[in-house]
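K.L.:
One structure follows; several queries about it will come next.
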Amino acid sequence: MTNPLLTDWKTPFEIAPFDKILDTDFSPALEEALMLDMAETRAIAEQTESPTFENTIHAMQETGRDLDKVLSVFYTVSGADTNPVREALMREFSPKLSAHNSEIIANEALFQRIDTLWKNRDQYDLNAEEARVLMLTHRNFVRNGAALQGAAKERMKDIKSRLSLLGTDFAQNLLADERDWYMPLAEADMKDLPDFLIAAAKSAAKEKGHDSAIITLSRSLIVPFLQFSPRRDLREKVYAAWAKRGANGGKTDNRALAREMLALRQEMAELLGYPNFSSFKLETEMAKTPQNVRQLLNDVWGPAKERADQDAQILTAMMHMDGINGELEKWDWRYYAEKRRKADHNLDEAELKSYFQLDQIIKAAFDCAHRLFGLDFKSVEVPLYHPDCRSWEVTRAGQHVALFIGDYFARGSKRSGAWCSAMRAQAKLPNRQSPIVINVCNFAKSNPALLSYDDARTLFHEFGHALHQMLSDVTYELVSGTSVPRDFVELPSQLFEHWLDVPEILKTFAIHSETGEPMPEALLQKVLDASTFDMGFQTVEYVASAMVDLQYHTQDAPEDIMERESHILDHMGMPKAIGMRHATPQFAHVFSGGYYASAYYSYMWSEVMDADAFAAFEEKGNTFDAELAQSLEDNILSKGGSEDPEVLYSAYRGRLPKVEALLKGRKLVT
């Protein structure tokens, strides 16, 4: 029987035939795809013709089509709808893929061809994108150890294999802790909780086969429970479980894994001639050096901590007025911040949530994309991997642009967080199809599905990534869409968040879930006035995580990783009542694959740009200015990684931004 993963997909938009793919298809398909990819790569390396861009670099971009198909499907379902079989396959595939990539990097004949082209690059008539692809290909081989010799090359291969396996284990341990823990709620426990939270808790209970209501470790349940539950004992219990993810002892404990990963990364950096992993990692980013990142974080930390300390005094006084003595704790902050927001801004999250219906916020994102870039979205039926998924064809002026998939609801089979990925990336090479882009979120499931204001921002954020993928217009997948430095990749996503706050968007799409009435003008103004509420807390919890990440990767691996985390936070003067946004044992950005290792700062680096980039629209007096939107597409969204980010941003804005734009945007300075 033919393996459906390796056939030509005769489906709408040539999407994977999810309805025909079985878990038993993945392993044999991967083996065949790996063999074919290696044969194609060896053919390039062993050809007798002198190296040219066409017969080497271009040819390399054409290899691995079947492997891309297999992995795009597998990574999609293993992240968003896993099961024990898929988890076992992930543990099986990680070392195989690492070994496969290491064998390609170790192919001396192939690297010799690439190195020859690089050294003689001035002799070739390459366009800007081709020159960039050559540079990135050569750099990738060197940074992965292709220039190493003997024992050093073999050690590099072993390190990468081990890191791959550790990253998989870290992610699966975290998912297991999140999936297995829950707290049942009795009727008395739900007193004073808003209806939307009760509905979401009952939906979570139904998924786990319980009759009543439960709080799980999904952020979409944890955060509102910490905001609204007057039961301090239950808030403490929930927060403790949330903070202990990945640190509960036993087989799902991540602390030893994280320490080993830090040691291996440091060793890898030293093999390649760098003093530490951070210096190695940041060399290819906009920031360039650990010193530049530390400067940014320190510039933001001071004003943010000052604001948070002031807020903590106010919240502590509120708690004392409730008859609770002692210090404000981490499980108290969100509860009293919510009470303060209601008092200061007369803004009630429960009331507000009724105006943020999931379907309406999706329509709002689509409307902004239409007004800015001329994109249209039409619901279509295609094979999808889970009943919760939805799909739309994206067109412009009647021409097909992309297929967009949204997977919005939390479930036990989905890892936490939110992300965007291209199941098929844009490229102009022969026989390449248009992009297939997916947004995955973890919103609480209820009927109707209601979002918090932060949830709505998350949806806009991930859709900004999706636009970066959809509007990409390059030849090579290597530089397509979000294939850019990590501290530039968040610019389009964070920039798109700003359009959620545009008054005319809220007036049109923020309509009440029961009455259908638009958000009243007075409430709309409260939303806008409170958009930077509690920004001291939000900034502190983020910068603390970013600084811990940076410090981990500029020093030798500690004997006790949690002791090192505490030392870093103490040195910073971390407020007692605020936790890191991602403590070490659950810091998946950094330890479940390493994409953001020593680069978690990148959200803030990009925010410096996104605040400045949106200011350009405000300066025009029109947040949908057609000329500026065209410039944004032409100079950033369509370019992917085909040019240096500083060049791209300067082409759009005429200059590079400064940190003041971020501080003003967060209202941390006047």
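K.L.:
Per residue of segment 15-28, what does 6.51 cos²θ - 1.76 cosθ + 1.60 with θ = phi - 60° give for ³J(HN,Hα)? Whole Hz please, x for Gly and Pro, Karplus curve as stated.
P.N.:
3J(HN,Hα) across segment 15-28, in whole Hz: 6, 4, x, 4, 6, 10, 8, 10, 4, 5, 7, 5, 5, x.
K.L.:
Next question. Hull surface divided by four, with the convex hull built on the Cα atoms of segment 183-242: how many nm²? Mind showing how you got there, number by number?
P.N.:
Values: hull surface 14.0 nm².
Result: 3.5 nm².
K.L.:
Could you check how much of the accessible area of segment 343-415 is carbon and sulfur, as a whole percent, using a 1.4 Å probe?
P.N.:
Working: 1220 of 2830 Å².
Accessible surface attributable to carbon and sulfur in segment 343-415 totals 43 percent.
K.L.:
Using alpha carbon centroids, what distance separates segment 355-396 and segment 451-476, in Å?
P.N.:
Each part reduced to its Cα centre gives a spacing of 11 Å.
K.L.:
Right, another one. Work from the charge dipole of the chain (Cβ charges, +1 for Lys and Arg, -1 for Asp and Glu, about the Cα centre) and give the residue of V142, S278, F404 farthest towards its positive end.
P.N.:
The residue sitting farthest along the positive end of the dipole is S278.
K.L.:
Taking N as the number of residues in segment 532-571, what value does Rg over Cα atoms divided by 2.2 N^0.38 Å take? Working shown, then result.
P.N.:
Numbers: Rg = 11.9 Å, N = 40, 2.2 N^0.38 = 8.9 Å.
In units of the globular-protein estimate, segment 532-571 measures up at 1.34.
K.L.:
Put +1 on the Cβ of every Lys and Arg and -1 on every Asp and Glu Cβ in segment 106-220; which of A106, Y182, G209 then has its Cα farthest towards the positive end of the dipole?
P.N.:
With unit charges placed on the Cβ atoms, the residue in question is A106.
K.L.:
Helix-derived [θ] at 222 nm for the chain: sum -39500 (n - 2.57) over DSSP H runs of at least 4, divide by residue count, nearest 500?
P.N.:
Working: 26 runs with 366 residues, N = 670.
-17500 deg cm²/dmol, from helical runs alone.
K.L.:
What does a probe at D233 reach in segment 189-216, counting residues whose amide N is under 18 Å from the point 7 Å along Cα→Cβ?
P.N.:
Within reach of a label on D233: 189-193, 215.
K.L.:
For labels at E49 and A147 in the simple 7 Å Cα→Cβ model, what's the distance in nm?
P.N.:
Here the modelled spin labels are 2.8 nm apart.
K.L.:
Next question, about the same structure. Sequence-distant or interchain residues sharing an amide H contact under 5 Å with V401, placed H: which?
P.N.:
Counting only residues 5 or more places away or on other chains, the set is V394, T395, R396.
K.L.:
Starting from the Cα gyration tensor of segment 36-82, take the square roots of the eigenvalues, sort them a ≥ b ≥ c, and report rounded, prolate or oblate (rounded when a/c is under 1.5, otherwise prolate if a/b is larger than b/c, else oblate). Intermediate results must be reported in sequence, preceding the final value.
P.N.:
On the way: a/c = 5.59, a/b = 3.13, b/c = 1.78.
Here segment 36-82 falls in the prolate category.
K.L.:
Tally Lys/Arg at +1 and Asp/Glu at -1 over every other residue whose Cβ is under 11 Å from the Cβ of E260; what's the total? Display every interim value, and only then the final one.
P.N.:
On the way: positive: R162, R255, R259, R265; negative: D169, E267.
Every neighbour counted, the sum reads +2.
K.L.:
A further question follows. Quick one: if you stick a label point 7 Å off each Cα along the C-beta vector at L6 and K251, how many nm between them?
P.N.:
The answer from the label model is 3.2 nm.
K.L.:
Another question, then. Given +1 on the Cβ of Lys and Arg, -1 on the Cβ of Asp and Glu, and no further charges, what dipole in debye does segment 353-404 carry about its Cα centre, rounded to the nearest 20? If you can, show how the numbers build up before the last one.
P.N.:
Working: 6 positive and 6 negative charges, 36 e Å.
Result for segment 353-404 is approximately 180 debye, rounded to the nearest 20.
K.L.:
Once the convex hull of the alpha carbons of segment 270-412 is built, what does its volume come to per residue, in cubic angstrom?
P.N.:
Working: hull volume 40.9 nm³, N = 143.
Normalising the Cα hull of segment 270-412 by residue number yields 286 Å³.
K.L.:
Right, another one. Between segment 58-79 and segment 206-248, what's the alpha-carbon centroid distance in Å?
P.N.:
Computed from Cα coordinates, the inter-centre distance equals 37 Å.
K.L.:
Follow-up question, since we're still on this one. What distance in nm lies between label points placed 7 Å from Cα along the C-beta direction at D122 and S531?
P.N.:
Placing both labels 7 Å along Cα→Cβ, they lie 5.0 nm apart.
K.L.:
If you stretched the chain out fully between S566 and R155, how much longer would it get, using 0.36 nm times the residue separation minus the C-alpha to C-alpha distance?
P.N.:
Numbers: separation 411, 0.36 × 411 = 147.96 nm, distance 3.20 nm.
Residue separation times 0.36 nm, minus the Cα-Cα distance, leaves 144.8 nm.
K.L.:
Report the one residue of I21, S434, F614 whose Cα lies farthest in the direction of the positive end of the charge dipole of the chain (charges on C-beta: Lys and Arg +1, Asp and Glu -1; origin at the Cα centre).
P.N.:
Comparing the listed Cα positions along the dipole, I21 ranks first.
K.L.:
Is the shape of segment 345-445 best called rounded, prolate or oblate, per the rule: a/c under 1.5 gives rounded, else a/b larger than b/c gives prolate, else oblate, with a ≥ b ≥ c the square roots of the Cα gyration tensor eigenvalues? Before the final figure, lay out the partial values.
P.N.:
On the way: a/c = 2.47, a/b = 1.49, b/c = 1.65.
Since a/c reaches 1.5 but b/c is at least a/b, the shape of segment 345-445 is classed as oblate.
K.L.:
Can you tell me the accessible area per residue over the chain, all protein chains present, probe 1.4 angstrom, in square angstrom?
P.N.:
Numbers: 27520 Å² over 670 residues.
Accessible area per residue, the chain: 41 Å².
K.L.:
Return, for the Cα atoms of the chain, the radius of gyration and Dmax in Å, separated by a comma.
P.N.:
Values for the chain (Cα only, Rg and Dmax): 24.9, 83 Å.
K.L.:
What is the helix-to-structure angle for 486-497, meaning the angle in degrees between its Cα long axis and the longest Cα principal axis of the chain, kept from 0 to 90 and rounded to the nearest 10?
P.N.:
Helix 486-497 sits roughly 50 degrees off the main axis of the chain.
K.L.:
Further, regarding this structure: Aspartates and glutamates near K363 by alpha-carbon distance under 13 Å, same-chain residues fewer than 8 away left out - which ones?
P.N.:
D376
K.L.:
While we're here: Placing unit charges on C-beta atoms (Lys and Arg positive, Asp and Glu negative, everything else neutral), compute the dipole magnitude of the chain about its Cα centre in debye, rounded to 20. Walk me through the intermediate numbers first.
P.N.:
Working: 74 positive and 101 negative charges, 149 e Å.
In total the dipole reaches around 720 debye.
K.L.:
Express in % the proportion of alpha carbon pairs of segment 446-548 at distances exceeding 21 Å. List each step's numbers first, then the result.
P.N.:
Working: 2663 of 5253 pairs.
Pairs farther apart than 21 Å: 51 percent.
K.L.:
Which value in Å does the Kirkwood hydrodynamic radius of segment 162-274 take, with 1/r averaged over all unlike C-alpha pairs and then inverted?
P.N.:
One over the average 1/r among Cα pairs gives 16.0 Å for segment 162-274.
K.L.:
Which whole-angstrom value gives the distance between the alpha carbon centres of segment 480-524 and segment 275-345?
P.N.:
24 Å
K.L.:
Which lysines, on any chain, are close to K281 with Cα under 20 Å apart, when same-chain ones fewer than 8 places away are left out?
P.N.:
Cα-Cα hits under 20 Å: K153, K157, K160.
K.L.:
Shifting gears a bit: Please list, short to long, the whole-number percent of alpha-carbon pairs of segment 197-349 in consecutive 10 angstrom bins beginning at zero.
P.N.:
Binned Cα distances yield the sequence 9, 22, 26, 25, 15, 3.
K.L.:
Which entries of K305/K667; K339/K526; K20/K69; K191/K244; K208/K330; K639/K664 show an alpha-carbon separation above 21 angstrom in the structure shown?
P.N.:
Values: K305/K667 13 Å; K339/K526 15 Å; K20/K69 14 Å; K191/K244 27 Å; K208/K330 28 Å; K639/K664 29 Å.
Table pairs above 21 Å Cα-Cα are K191/K244; K208/K330; K639/K664.
K.L.:
Here is a follow-up. List the aspartates and glutamates whose alpha-carbon lies under 15 Å from that of K414, not counting same-chain residues fewer than 8 positions away?
P.N.:
The qualifying aspartates and glutamates are D81, E87, D177, E178, D180, E207, D388.
K.L.:
Once amide H atoms are placed 1.01 Å from N in the peptide plane, what residues at a sequence separation of 5 or more from M423, or on another chain, have their amide H within under 5 Å of its amide H?
P.N.:
I436, V437, I438
K.L.:
Placing unit charges on C-beta atoms (Lys and Arg positive, Asp and Glu negative, everything else neutral), compute the dipole magnitude of segment 126-282 about its Cα centre in debye, rounded to 20.
P.N.:
On the way: 25 positive and 20 negative charges, 83 e Å.
Once rounded to the nearest 20, the dipole reads 400 debye.
K.L.:
If you count the DSSP beta bridges with both ends in the chain, what percent of them are antiparallel, to the nearest 5?
P.N.:
Values: 23 of 29 bridges.
Expressed as a percentage, antiparallel bridges in the chain total about 80.
K.L.:
How much of the accessible area of segment 595-660, in percent, comes from carbon and sulfur atoms when a 1.4 Å probe is used? Before the final figure, lay out the partial values.
P.N.:
Values: 1180 of 2500 Å².
Carbon-and-sulfur percentage of accessible area, whole number: 47.
K.L.:
So, one more: Using each residue's phi in segment 335-348, evaluate 6.51 cos²θ - 1.76 cosθ + 1.60 at θ = phi - 60° and report the 3J(HN,Hα) Karplus result to the nearest Hz, with x for Gly and Pro.
P.N.:
5, 7, 5, 5, 5, 5, 4, 5, 6, 6, 10, 6, 10, 9
K.L.:
For segment 534-652, report the convex hull volume of the alpha-carbon atoms normalised per residue, in Å³, without decimals.
P.N.:
Convex hull of Cα atoms, per residue: 146 Å³.
K.L.:
Using the Karplus curve 6.51 cos²θ - 1.76 cosθ + 1.60 with θ = phi - 60°, work out ³J(HN,Hα) for each residue of segment 606-617 in order, rounded to whole Hz, and write x for Gly and Pro.
P.N.:
5, 5, 4, 6, 5, 5, 6, 5, 6, 4, 4, 5
K.L.:
Cβ under 10 Å from I104's Cβ, I104 left aside: what net charge do those residues give with Lys, Arg +1 and Asp, Glu -1?
P.N.:
Net charge around I104: -1.
K.L.:
Evaluate Rg over Rh across segment 1-110, taking Cα atoms for both radii and Kirkwood's formula for Rh.
P.N.:
Values: Rg = 15.7 Å, Rh = 15.3 Å.
Ratio of gyration radius to Kirkwood radius for segment 1-110: 1.02.
K.L.:
How much accessible area does H138 have with a 1.4 Å probe, in Å² rounded to the nearest 10?
P.N.:
Around 20 Å² of this residue is reachable by solvent.
K.L.:
Also, quick follow-up: Using only Cα atoms and rounding to the nearest 10 degrees, what angle (0 to 90) does helix 561-572 make with the longest principal axis of the chain?
P.N.:
Roughly 60 degrees, rounded to the nearest 10.
K.L.:
Name the residues whose placed amide hydrogens come within less than 5 Å of the amide hydrogen of N346, ignoring near sequence neighbours (fewer than 5 apart) on the same chain.
P.N.:
none
The values are calculated or read from the model by the stated rules, or taken from the named source; none is laboratory data. In this text the structure is predicted, and so the values were computed from the model without any measurement. For neighbour counting, all protein chains shown are included, and Cβ atoms are generated from backbone atoms with ideal geometry for every residue, glycine included. Keep in mind that these areas ignore ligands, DNA and RNA; they rest on the heavy atoms of the full protein, side chains included. Shrake-Rupley method; radii C 1.70, N 1.55, O 1.52, S 1.80 Å.
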